[in-house]
Structure formats: C-alpha cells, structure tokens
C-alpha cells in the first residue's frame, strides 16, 4: 500500500499505483477542526471526528491516525494531562483505548495513534472523537513542528472488522503550518566571480527556526564594499515577501565584496564575502541531496525546487528520493521537473535518486545523471507494489556500479540512516566524491577511510534534508542535530557539463552551510606532472608538466616537499585552519597567537556514538569557573532552541546537548582573578584545571565513541580576522599518496573542507 499525497499534482503524477481509498459510505469518513493555517511551534488543539460507515465498527475494531516520520512536534501521550501532546478519545458507544507508537506504521507514516474500541460496537452514523492536545485538563496543547508544511496530514485508516487490516479512508485532513515572526535577516552572495561576471544577491528574513518569514517588512540601504553595477542603493521589502533576489549584478574591481544591509544606522545583515578576481574559475553553490513528501520528506518536489532556487539562492541542486519509494510515474515526473527548472548559467538541476541499499550490501549512494530519461536502478522494490521492472534492480553496490558503467552519471557516497561502505564497493569512474557533512552530522571518516584503499575522492557536503528546505536546512528540534551542508563547485561554466567536469576533477569543497571562499594550491619547486584523470584507473590519461595544482588534482613529483598555498575569506572570524596530510594534522594555523589571548574560554563537545543509525551522542554537563564571573555568554551551534544550554549562575553553565559527529558548545568571557579553576563534569567524564592553564592549544577530554571528545581552549576577547592567506612547506611521504587538504573552522561554528590534492612521488 502506497501513501496518498494531498497535493493534486502528486496524486496524479506520483502515485497512480496507490490503492484506492475505502468507500466512505461503507468505511466511514473523517473531519478535522479547526482547519486552516497555524504558526510553527505554536500549541494547538485539534478535534478529529470519525463517523462510522455502513459496515459499522466491531468490538476491538479501531481507527489509526498516522503521521509522517519527518516531524519534530514531539510524541503524543495519554498519561500526563498537564504535559504537551496529551490526547483523549471517546465514542458514542463503548470505551476507546489509545496507543501511540513512534514506529507503529509503515514508512513514511511511521508515527501512529491507534484508537481501539472495547466493550461495545458502533453503528453507521456513530462517532469516535479524538482530541489532540486536549487542554481541558491543563495540557498546553499539541506543539506543532518547527518547519513549514503546505499540507501537514492527519491520515486516517480504519480496521472496521477487527481483523488487523487497516484500510485508508479517502479523505486526508490536513492543515498548513506557516512561518513565525521574523527573528533574523539573511543576505547571501556567492563566493567567487571574475571582474564583470554576473552574480546575484539574495535577501530574506527567517523566523527563529530558520523558515523564510512572510511577516517581515522594512526599508533598507544596501552598502557594498566595492562598486556593484545593478545593485540598488535602497530597497523596500514588502510584507508578505519570503525572499528577494537581485539579479544581473556585476563588480568590475578586484577585491573582496561584502554588502551590508542597513536599517537606518543598524546593520541587520551582511552578505559575502564575494572574492572578485581574474582567473579561470568561479564558485557556484549547490545542495544536491534532499527529499520531498513523495518519499520520506515533506512538501512537494515542485516546492523543493522552488525553495532551492528562490529561498536559499542556490546555483545547483538535485532531488534524491529513496529508490524503493520511487515508482515509475514519480521517476518520470522528477525528470520532467529537472528539465523544467534547469537553466544554463542560472540554475542547474540534475535528475537523480538515492540508491538506498543497506550497509551490508554497500550502503547509501546518490546517483546523478547528466540527462533526463535514464533507467533508474533501484536497490529494491521494498515499498513498490508494481514489480514488473524488478529485473532492473541493482541489489548491491557492486552490481549498481556495473549497471551504471556505460551511463553518463556520477555518484556520491554518503552517511544517512544507512552509511556507505566504500570498502565493499567503489568505482572511481563514477563515485568521485564523499559527502562528509549533512543534516545527519559530520563524517570525515567516510573520506579518510578511502586513503589507505587508494581512493582519490573529493569532498562534498549537502543537507540530505527531509524538511523541504534544500540549501538552508535547519535541524529544528528533532534528532537531526546539524545544519545542512553546501558544496562550492569551482568551474568556468554553470551548466551540467561544467558541473560534471568539476566533479570528475574534484575541483570543489564542502561546508557545514556557510559560503566562505576557500582556495588551496600546491606549488612544486622542481615541477610536477598533472594527470587529467586518475592514472590508477585510466593508465592512458593525458598529463602535462605544471608548477602548481589546485584542490582535487592528482600530481606526481620528484620533489621531497611542496609549498601549500591557502586562501580563506569568511563571513565570520576565522578560529583555525587545520592542514592535513591524509589523517595527520601537520599544522594548525590561527590568525592570533598566545600574546593575543584574552578572557574568552571556549568549550566544545563533538563526536558520535558509532557509525550507524543511532549515532546521536547526548552531552549533559555543568561547568563552573571558580573565582571568576561570567561577563558574557554565547552559544555555538545550538540549533535546537529548546535544549538546555544556559548560563545558570554568575560562574556556571549548564547544558543538555546532542552531537552526531558535528560539534556544539559555548564561549564565556570571564571577569575576575586569574587564579580560579575550571570544574567541568558531564556524562562522559570530568575535567578540572586552573583557569590560568587554559591556553591556545586544546585541552582534550576523550570520551570514547566515534571521535567523541570535549575540548577547552582560550581565544582573544575579539578576533576581527575574516581573511587569511598562508603558505607553508609540507614534507611528502615517499610511498603512496599524500592527500593534502585543509579544514577551516570559523568562530560562529561553521566548517569547510577542501578536496584533497593527491600528490605522489
């Protein structure tokens, strides 16, 4: 049985194989009150009334109300009438027992509330009433999710004969969940353009949960740091607008462009940096991995592409539905959408899907075709009733790569619920990149696992978002603990050909969601041989002599060392740049030294339980700074506003946080004598040390798990440095690859990783 979709376009184009809903005359019908639009995270009460049909409802028969897996509105409950999510039910005859399960029904409707009749039966016209968020006994109501949805469904199924077979009713009551009031303004620029080359500026207001808000308005002055042709001096942002885009902008002067958005004398947002300089490439931003409501996510595929282009101001995107939910009609429809939305030099889309095999048979891969109309090779038909094309399946990753060998396509390995096993199968001709950050967390190990295997893969980051917000995917209050990532493609051609060529050469880098500029180059005193393709895979590949290569390149040299050039321009102050050769950090670069340190102490927790689906690590702790008072306190990557992270007293901080491979934490600016003591206790250990010993380098509390640790170090009171250009000499190993790459961390908690330069001797 496939789920129905409320949106008419989805019903017609996506789910023609859906089992017809039950006849309401025979099985009954439902009504929901109130209807309409409701603000995200607002407490509400809904009354759902099921009216029994001609078959009646037998003793121990039941109805089941099911909800999508994607939702952070919290569990329903029947035990505490004063707590959120309290649910009650009654019928016109007999007692109703309620049972809620977080995985009580079939994907994507995992969440289910079953209302079972006991001690009687119901006739045609009798009713069962369920009250969600019943406030009559003190409950604050049913707290809605943190993200917008055009049709949040209360899908109802009925087992009228008490046989355990639930038949979907034809009506699916739904409400609209809309943005809250604006909390922050966002202005967005790309990161690299050549003088005179076209770019765009995006402007929007977001509510506290990251939804573009249509409740914002204002009149702003735009102040660029460089002259920009086509940029208005003032802009009126009318009420009802969710985003504005200023197209066809150009800057002729080389430099770093930042655009301040001012309300009077107050800076409400700043866009940039956009580096303007001569060169062979520009930087284009993409999120190529997310889903919509036709599979495990929410909203429609059309809304997905609209958001990517018009709300998060992306240059490149793709839709990646789980293959075992993609019937042939939806696959055809997705291909129609990518063709419709694709526009060379403005907005590049790729038809594609997520091959969703279990880790035991290779794990998740993202597949991207250069052109529409290609055969989908599924991992299985698990949720597809039509098995007529099951012979096209690729049941493991090795078979998948064999089936795709003659296709014009590319693949990413990624970590979601199922993580990719790149030792099980990997085809470097197709699988050119590893997704090391998404809303699921941070997974550097997916890339570094490939180094000893001889894999030469690039770095990408995406959202893997399920909430319909590609390019700006906030985790909300759910178990997705990270903000979604982005990839910057370095190419001279914003077309499908240009992006494919970029990916095959690994000329790209990934971030945890910011759009900083990053350039990494290796310079050879004695020269090097640059290979256009991996010579281990393509022995006859073309090569030529060079003195310099860029991120992603593969080069052979006789030199024993190389000069690495690194350029970073960020929107926030730079905290550190880690320079790596494979898994070893060979240098840590900072824009400050020990003499610049002040009263600011940073506490960071990070890591995961293990590689699999239940990787979430909880951090519960308290830190006191004996002998000092906290003059100022700031959170880092505290995406869930309802989780505990607060200054509890003048000298203490308390937290209950979560990481999934990524990191979070806080800064404190201390006021008082230097002879105090840090006393930090958490569920993963205890750290006690004099405040005077907290310095430039990390003090680390190792906490087991998967790279799970807590770090404490000191920062300058204020760090104004947002741009760094560095050169350093790196010694090269004589055997195997030297994967030279960098990780940039900014003070606001974002990170970026370059694709490695693979140098061998």
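Structure notes:
- Hey, residue 665 crowded, with 16+ Cβ neighbours inside 10 Å, touching a strand residue (DSSP E or B) at 6+ places or on another chain (Cβ under 6 Å) and assigned to a loop (DSSP other than H, G, I, E, B) or not: no
- Test: residue in the range 290-301 that is free of Cβ contacts under 8 Å to residues at least 24 places away in the same chain and surrounded by fewer than 22 Cβ atoms within 10 Å (Cβ to Cβ): no
- Restricting the range 679-701 to residues that are in contact with a strand residue (DSSP E or B) (Cβ under 6 Å, 6 or more places away or on another chain) and closer than 23 Å to residue 589 by Cα, the residue that is surrounded by the most Cβ atoms within 10 Å (Cβ to Cβ): 694
- You will find that of 450, 417, the residue that is out of contact with any helix residue (DSSP H, G or I) (no Cβ under 7 Å at 6 or more places or on another chain) and at pLDDT 95 or above is 450 and no other.
- Scanning the range 417-440 for residues being more than 17 Å from residue 508 (Cα to Cα), under 16 Å from the mean Cα position of the chain (by Cα) and crowded, with 24+ Cβ neighbours inside 10 Å gives a total of 2.
- Residues being more than 25 Å from residue 569 (Cα to Cα), under 28 Å from the mean Cα position of the chain (by Cα) and touching a residue at least 60 places away in the same chain (Cβ under 8 Å) - total across the range 694-739: 9
- Hits in the range 344-371 - residues which are surrounded by fewer than 18 Cβ atoms within 10 Å (Cβ to Cβ) and in a loop (DSSP other than H, G, I, E, B): 344, 345, 346, 358, 370, 371
- Of the residues screened, residue 330 is not one that is within 21 Å of the chain's Cα centre (by Cα) and not in a loop (DSSP other than H, G, I, E, B).
- The residue list 243, 251, 271 contains one member that is outside the structural domain of residue 320 (by TED's automatic domain parsing), touching a helix residue (DSSP H, G or I) at 6+ places or on another chain (Cβ under 8 Å) and closer than 26 Å to residue 348 by Cα, which is 243.
- Checked against (1) surrounded by fewer than 20 Cβ atoms within 10 Å (Cβ to Cβ); (2) out of contact with any helix residue (DSSP H, G or I) (no Cβ under 7 Å at 6 or more places or on another chain); (3) in a loop (DSSP other than H, G, I, E, B), residue 170 meets all criteria but (2).
- The residues of the range 199-218 that are surrounded by fewer than 20 Cβ atoms within 10 Å (Cβ to Cβ) and free of Cβ contacts under 8 Å to residues at least 60 places away in the same chain, listed by number, are 214, 215, 217, 218.
- Positions within the range 372-398 being part of a helix (DSSP H, G or I) and touching a helix residue (DSSP H, G or I) at 6+ places or on another chain (Cβ under 9 Å), in sequence order: 392, 397, 398
- Qualifying positions in the range 512-544 - in a strand (DSSP E or B) and either free of Cβ contacts under 8 Å to residues at least 12 places away in the same chain or more than 35 Å from the chain's Cα centre (by Cα) (or both): 524, 525, 526, 527, 528, 529, 543, 544
Each row is one residue, and each column tells you yes or no for (1) within 27 Å of the chain's Cα centre (by Cα); (2) at pLDDT below 90; (3) outside any loop (DSSP other than H, G, I, E, B).
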| position | (1), (2), (3) |
| --- | --- |
| 11 | no, yes, yes |
| 16 | no, yes, no |
| 20 | no, yes, no |
| 25 | no, no, yes |
| 32 | no, no, yes |
| 38 | yes, no, yes |
| 41 | yes, no, no |
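- Residues in the range 747-759 that are under 15 Å from residue 566 (Cβ atoms) and either under 18 Å from the mean Cα position of the chain (by Cα) or surrounded by fewer than 22 Cβ atoms within 10 Å (Cβ to Cβ) (or both): 751, 752, 753.
- Filtered by the rule that a residue be outside any strand (DSSP E or B) and at pLDDT below 95, the range 617-638 gives 627, 628.
- Residue count for the range 605-620, restricted to those that are touching a strand residue (DSSP E or B) at 6+ places or on another chain (Cβ under 8 Å) and either without any contact (Cβ under 8 Å) to a residue 24 or more places away in the chain or surrounded by 21 or more Cβ atoms within 10 Å (Cβ to Cβ) (or both): 7
- Within the range 545-600, the set of residues being over 26 Å from the mean Cα position of the chain (by Cα) and part of a loop (DSSP other than H, G, I, E, B) comprises 553, 558, 559, 560, 590, 591, 592, 593, 597, 598, 599.
The values are calculated or read from the model by the stated rules, or taken from the named source; none is laboratory data. In this text, all values refer to a predicted model and were calculated from it rather than measured experimentally. With ideal geometry, Cβ positions are generated from the backbone for all residues, glycine too; neighbour counts draw on all protein chains shown.
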